[in-house]
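The values are calculated or read from the model by the stated rules, or taken from the named source; none is laboratory data. Note that this is a predicted model, so its numbers are computed, not measured. Here the Cβ positions follow ideal geometry from the backbone for every residue, glycine too, while neighbour counts run over all protein chains shown.
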Amino acid sequence: MVSIFNIWKVYIRKFPGIKRKLAIAHIKRKPEDFIEKAAKAALTLSSILALTLFFMVSAFGASIFYAILAFPILFMIFFFFMTHTPDVYIRRRQKEIEKEVLFAGRFILVKIESGVPFMNALSDAANARGVAGKYFKEIVDDINLGTPIETALEAAIDLTPSERFRRVLWQITNSLKTGIDVADTLRGILQQIAQEQVIEIKEYGKKLNSMAMFYMLLGVIVPALGVTLFIIISSFLSIQISFRYLIFAAFLLAFMQFLFISLFKSIRPMVEI
């Protein structure tokens with residue numbers, strides 16, 4: 001099937017890393033099919049919005065040149081966002097792993113220290129509850145299909161979006177290759193990760209204090225005093241305030257609250273000790 005303007009060929013040639021991104025994001029599509037679907041979706045959305053804009057400018061008697069000019073701009077914007085959807089999935093997978101990497105590593109460590117072979121400990125971790133279990137299950141499935149343990153771990157290292165999980169798997173792989181005790185290596189890397197997470201929590205506390213101060217100032221005090229002063233001044237000057245202005249002010253306040261909530265969530269460290 002011929003792609004729209006063969007845009008996927010140009011994109012894949014300029015951005016060959018899209019294949020690895022799709023693998024890390026667990027999007028079961030070929031790069032050509034993914035780019036073609038993104039181009040079609042971007043074309044559909046940009047066409048709808050451009051037609052809507054065309055009818056709007058026609059109704060107001062404005063020049064349709066703006067509607068025609070908007071089409072390629074809208075297409076480029078939508079195509080950009082569509083092709084970056086793997087980054088959203090990668091970020092989500094990273095958060096999932098980062099939250100449980102310490103717990104999952106300790107689970108395997110306890111199993112090994114109790115005398116369970118490493119392969120059995122890995123299988124138990126794959127069957128355990130939690131998000132990390134499904135990532136260990138992928139490694140176990142590869143091993144059950146005949147892939148050597150070291151090769152399966154190296155493939156997981158290459159495709160994991162979590163830097164900490166990659167370090168844990170890398171240390172385990174090196175221990176298996178060199179014959180070093182996996183428990184000692186795993187214990188050391190887990191202690192290092194735990195210390196890093198404690199530091200992140202302390203830094204988050206410092207950021208949270210300053211952010212809370214800005215929130216109280218810009219999100220509570222300034223809007224409350226501003227609206228109050230505006231109502232008082234408008235009553236003295238006999239300025240009529242229509243209901244739509246109040247709705248607009250409420251919308252701005254709600255949008256500001258949403259921004260602060262999103263900001264608080266974005267700076268929260270991905271840890272779970």
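Among the candidates S63, S46, the residue that is more than 30 Å from E138 (Cβ to Cβ), modelled with pLDDT of 85 or more and small (G, A, S) is uniquely S46. The combined condition, being touching a helix residue (DSSP H, G or I) at 6+ places or on another chain (Cβ under 7 Å) and modelled with pLDDT under 85, is fulfilled by F54.
This table checks each residue for (1) exposed (fewer than 12 other Cβ atoms within 10 Å of the Cβ); (2) touching a Cys at 6+ places or on another chain (Cβ under 9 Å); (3) outside the structural domain of W170 (by TED's automatic domain parsing).
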{"site": "V182", "(1), (2), (3)": "no, no, no"}
{"site": "E200", "(1), (2), (3)": "no, no, yes"}
{"site": "M211", "(1), (2), (3)": "no, no, yes"}
{"site": "L252", "(1), (2), (3)": "yes, no, yes"}
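The selection criterion, being exposed (fewer than 15 other Cβ atoms within 10 Å of the Cβ), free of Cβ contacts under 8 Å to residues at least 40 places away in the same chain and part of a helix (DSSP H, G or I), does not hold for A152. Q171 - would you say it is in contact with a Gly (Cβ under 9 Å, 6 or more places away or on another chain) and not aliphatic (A, V, I, L, M)? Considered against the rule, which asks whether it is in contact with a Gly (Cβ under 9 Å, 6 or more places away or on another chain) and not aliphatic (A, V, I, L, M), Q171 comes out as yes.
The rows are residues; the columns are (1) aliphatic (A, V, I, L, M); (2) touching a Lys or Arg at 6+ places or on another chain (Cβ under 6 Å).
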| position | (1), (2) |
| --- | --- |
| A121 | yes, yes |
| N127 | no, no |
| V131 | yes, no |
| A156 | yes, no |
| N174 | no, no |
| M213 | yes, no |
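Examine the range 80-96 for a residue that is surrounded by fewer than 17 Cβ atoms within 10 Å (Cβ to Cβ), farther than 30 Å from A132 by Cα and more than 14 Å from the chain's Cα centre (by Cα), and state whether such a residue exists. Within the range 80-96, one or more residues are surrounded by fewer than 17 Cβ atoms within 10 Å (Cβ to Cβ), farther than 30 Å from A132 by Cα and more than 14 Å from the chain's Cα centre (by Cα). Residue pairs whose Cβ atoms lie under 6 Å apart, separated by 6 or more positions or on different chains, with the first residue in the range 240-266 and part of a helix (DSSP H, G or I) and the second surrounded by 10 or more Cβ atoms within 10 Å (Cβ to Cβ), are L253/P223; M256/G219; F260/Y215; F260/G219. Selection over the range 16-61 of residues that are of a type outside the set (K, R) and touching a residue at least 60 places away in the same chain (Cβ under 8 Å) gives a count of 7. Considering Y135, Y204, the condition of being closer than 17 Å to I24 by Cα, aromatic (F, W, Y) and either in contact with a helix residue (DSSP H, G or I) (Cβ under 7 Å, 6 or more places away or on another chain) or outside any helix (DSSP H, G or I) (or both) is satisfied by Y135 alone.
Scan L218, L186 and give me the residue that is assigned to a helix (DSSP H, G or I) and farther than 30 Å from E163 by Cβ. Just one listed residue meets the conditions, L218. Of everything in the range 108-122 that is touching a residue at least 24 places away in the same chain (Cβ under 8 Å) and within 15 Å of D184 (Cα to Cα), the residue that is surrounded by the fewest Cβ atoms within 10 Å (Cβ to Cβ) is E113.
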